[in-house]
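S.K.: Handing you this structure, nothing more for now.
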Amino acid sequence: MLAEESYGIQLTMFELIWLFALYSLMGWILESSYNSYRHHKFINSGFLFGPFCPIYGVGFILITFFITPLQNNLFLFFIGAFAVTTILEYLTSLALEILFHTQWWDYSKEFLNIDGRICLRFSLYWAFLALFVIKFIHPQIVFLSNFLSDKLGSVGIIIVVSYFLIDLTITTISLYGLKHFFEALNLIHEKVDQEAEDLLFKKLRKPYLKLLKSFPDLKSKRYQIDKVQQRIRS
């Protein structure tokens, strides 16, 4: 289904969707494995409830479009991948904080970080990962996908797009619901009403718990997230 040109920058809409889904899935596997190892328990990473981390899909699509043409010059490719992934991570963190008043990951303890949103170590990781994927994994994805028939590929695209739209809708509703939960907790705390606080926590919905558990480093200057994390761990 994916043409050889997809190794460069000529991609059809179908090819873009397949690449986005595949790299989002691989990103979820990588992110969940890393966080599960770091916290010694399974963590379903990412905002979506299914096994996908869209930031990886977006990142590799951008790299495929803008950086892959530089692949014959490893130095320029590495610098380009470093820049693209770093900017994407920073802007994603900033947008989430503006929308929900929360910081979903925190690199403030890392060497050479900017506002805790990005840091040198992880930016280098993303650049090396991009180099490895484009050189060794992407060509195999292109090769294997050529065996898919157009009809099978079209059915798959419909399923993937439908799933993402449903999951994204549920996730967005849950994110705003979690924001309202934090706001209610702030009001209760100001009134020092322990009974109301206990009742509020009893109504903490499972989608909110999933989001909280997926981002154990979640922080906020406005909300009492530390208290929430302590309550759900107890």
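No value in this document is a laboratory result; all are computed from the given coordinates. All values reported here derive from a predicted model rather than from experimental measurement. For neighbour counting, all protein chains shown are included, and Cβ atoms are generated from backbone atoms with ideal geometry for every residue, glycine included.
S.K.: Please rank Met26, Met13, fewest neighbouring Cβ atoms within 10 Å first, as an exposure proxy.
M.R.: Going from sparsest to densest Cβ surroundings: Met13, Met26.
S.K.: Would you work out which of Phe215, Ile29, Gly59 lies farthest towards the positive end of the dipole of the chain? Charges go on Cβ: Lys and Arg +1, Asp and Glu -1.
M.R.: Highest projection toward the positive end goes to Phe215.
S.K.: Still on this structure: Using only helices, what value at 222 nm comes out for the chain when you add -39,500 (n - 2.57) per DSSP H run of length 4 or more and divide by the total residues, to the nearest 500 deg cm²/dmol?
M.R.: That calculation yields -22500 deg cm²/dmol at 222 nm.
S.K.: Right, next: Compute the angle between helix 120-132 and the longest alpha-carbon principal axis of the chain, please, reported from 0 to 90 degrees and rounded to the nearest 10.
M.R.: 30 degrees
S.K.: State the extension gain, in nm to one decimal, for the chain segment bounded by Leu25 and Val161, taking 0.36 nm per residue of separation less the distance between their alpha-carbons.
M.R.: The span from Leu25 to Val161 would gain 47.6 nm if fully extended.
S.K.: I need the shape label for the stretch 11-78. Rule: rounded when a/c is under 1.5, else prolate if a/b > b/c, else oblate, with a, b, c from the alpha carbon gyration tensor.
M.R.: Oblate, because a/c is 1.5 or more while a/b does not exceed b/c.
S.K.: Is there a pair in Lys179/Lys227; Lys109/Lys210; Lys41/Lys179; Lys179/Lys206 whose C-alpha atoms are over 18 Å apart, and which pairs would that be?
M.R.: Those over the limit are Lys109/Lys210; Lys41/Lys179.
S.K.: Order of Phe132, Phe65 from fewest to most other C-beta atoms within 10 Å?
M.R.: Arranged by neighbour count, lowest to highest, Phe132, Phe65 become Phe132, Phe65.
S.K.: Quick check: pseudo-label points 7 Å beyond the Cα along Cα→Cβ at Leu187 and Tyr90, how many nm apart are they?
M.R.: Between Leu187 and Tyr90, the label points sit 3.8 nm apart.
S.K.: Would you list Tyr208, Tyr23, Tyr125 from fewest to most Cβ contacts within 10 Å?
M.R.: Tyr125, Tyr208, Tyr23
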